[in-house]
Amino acid sequence: MSTSEIPGVGAVGAGRLADALRRIEENLSSPEGVGEGAAARVVEVYGAAGALGAAVAAHVARRPGGAPQAAAHPALVYVVADEDLTEGRAADIGFFLPRTAAGDDPLAPPPVLVVPAPESSPYAEIQPDRRASLGRMGVLFRLSKGFAPRVLVLSAASFCRRVFPRAAFEQRCQALVEGATINRDHTIRALAAAGYARASVVEDPGTFAVRGAVIDLYPSVYRHPVRIELDGDEIESIRLYDAATQRTLRRISEVQVHPVRESIRTENDNFRDRLLAAADVAAVPSSRTRLLMEQVEAGESFFGIEALVPLLHARMDAITAYLPASAIFVVEDPEAVSDQMRRSVSKLREAATARRAEHRLALEPTAFVLSEDESHQALQQRRRIELHTVEITSASASASVAPGTDSHPPRVRLLAESNATLRAELQHARADHTGS
């Protein structure tokens, strides 16, 4: 077992932290092997809690191989246990990444992007938060079309949730370019098929409106809606505009259109058979089954369709299908991440059993999320850094390792001190100063 002990970050420790970061990089970039000096696909880091772990991740993300603003694919994927931690970690990592100049490209990716987890169970009888769904679809577009951030941050629940199959997603993406000739009616049908809801006025992402020779649409990957003006069948102009004032913000040369919801049917000839089989398991009344079938085949978006999403695709993908093999994973508190993934499947299994007992349709939980084994394998196949809070060693385990072998991953220990005391003192001093 190879080990590095690195003191915390201070006037003296900063240089030694650099040594630790160099060692982490060496172990991740070297080929795999066995024996002394051989590198492993995983490096265990102890003591890099909170923002220090984010600093380690940011350093690895900006390693040689491209500037942050030039990345077509994410260099690093940061996984945390709880959804509540994602925004904070994204802010921490962004703080340690180099600042990039703001360009005028409306699709320019941020350095760090959170992949939100769905906020409700697919079995829940509630309307899911559309913002989370739109956010996930926007991230999938960025990952599939080369507009990716340098770092992705996601929770265990987000990582194990299956997503729109990549091949079908890319088939439904298109670029509408100024000066190009299009069929207006065909474009309108394509927008509806991609999940856009038709509205009288476009104010929210995932909607579109048509007024004569003008098509307004709002792909979720953009910060503002887009107005397309036609001259006959030719796209005369494309402009970003303010949804509140309807005023033009700027002219752009093209607009990228992508699917905005998962509940659109892709190529799946077995939809009827799979729906009937799931209905039989729960003894769902045939009248209810027929209604669901008619609504789906008519292309309707109705309350409860989220429970049928896996039936609308031949097979949903893991989010890793959108990630390059070169991406390095940083897993904060791997034990907690694994526990959350296990709980995700367990909770869905309990909910599915309860629904079937009430003769309501409930697909297998693993149709919506990766199984525990699939999640574990998806992480194990990736080069990764594991950030552990506590190091547990066993004398008996150490004695069983034969001399000259390296059955454990390399370990790096960062001996950092908490700044909680300093923070409390500063807050106390500020309060005293304010009160004086």
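The values are calculated or read from the model by the stated rules, or taken from the named source; none is laboratory data. These numbers were taken from a predicted model, which means no experiment stands behind them. As a convention, Cβ positions derive from the backbone with ideal geometry for all residues, glycine included, and neighbour counts pool all protein chains shown. Please note that ligands, DNA and RNA were not included when accessible areas were found on the heavy atoms of the full protein model with its side chains. Shrake-Rupley method; radii C 1.70, N 1.55, O 1.52, S 1.80 Å.
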* To do: Could you state the angle between the C-alpha long axis of helix 86-96 and the longest principal axis of the C-alpha atoms of the chain, as a value from 0 to 90 degrees rounded to the nearest 10?
  => 60
* What's the extension gain from GLU26 to SER200 if we count 0.36 nm per residue and subtract their Cα-Cα distance? -> 56.9 nm
* Asked: Ordered by residue, what ³J(HN,Hα) values in Hz, to whole numbers, does the range 125-134 give under the Karplus form 6.51 cos²θ - 1.76 cosθ + 1.60, where θ = phi - 60° and Gly and Pro are x?
  -> 8, 9, 6, x, 5, 5, 5, 5, 5, 5
* Structure fact -> Summing -39500 (n - 2.57) over every DSSP H run of at least 4 residues in the chain and dividing by its residue count gives a helix-only mean residue ellipticity at 222 nm, to the nearest 500 deg cm²/dmol, of -11000 deg cm²/dmol
* Structure fact -> On the accessible surface of the range 147-225, probed at 1.4 Å with all protein chains in place, carbon and sulfur together account for a percent value of 49
* Which whole-number value in Å² is the accessible area per residue of the range 93-180, probe 1.4 Å? -> 41
* What angle do you read, to the nearest 10 degrees and between 0 and 90, between the alpha-carbon axis of helix 334-357 and the longest principal axis of the chain? -> 40
* **From phi via Karplus (6.51, -1.76, 1.60), per-residue ³J(HN,Hα) for the range 168-182 in Hz, x at Gly/Pro** => 5, 4, 5, 5, 9, 9, 8, 10, 9, 10, 4, x, 7, 9, 10
* What residue among GLU236, GLU306, GLU372 shows peak mean-square fluctuation when the chain is described by a Gaussian network model with Cα springs under 10 Å? -> GLU236
* Asked: When the chain is fully extended, how far beyond the present Cα-Cα distance does SER237 get from ILE188, taking 0.36 nm per residue of separation?
  -> 15.9 nm
* Which one of ILE93, ILE252, ILE24 has the biggest mean-square fluctuation once the chain is modelled by GNM with Cα springs under 10 Å? -> ILE252
* How many percent of the accessible area of the range 304-375 is carbon or sulfur, using a 1.4 Å probe? -> 49
* Amide H to amide H under 5 Å from ALA416: which residues, 5+ apart in sequence or cross-chain, H placed 1.01 Å off N in plane? -> none
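Is there a quick way to get the dipole size of the chain? I mean about its Cα centre, with the Cβ of Lys and Arg at +1 and of Asp and Glu at -1; what is the value in debye to the nearest 20?
Details: 49 positive and 56 negative charges, 72 e Å.
It works out to roughly 340 debye.
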* Under 5 Å, built H, 5+ apart or other chain: amide partners of THR207 -> ALA197, TYR218
* Cα→Cβ-extended label distance, 7 Å offset, between ARG250 and ALA108, nm -> 0.8
* **FRET E, pair ARG63, SER286, Förster distance 60 Å, beta-carbon r, rounded to 0.05** => 0.50
* Structure fact -> Interchain or sequence-distant (5+) residues whose placed amide H lies within less than 5 Å of the amide H of PHE329 are VAL77, ARG383, ARG384, ILE385
* Residue-normalised accessible area of the range 240-393, given per residue in Å² at a 1.4 Å probe -> 50
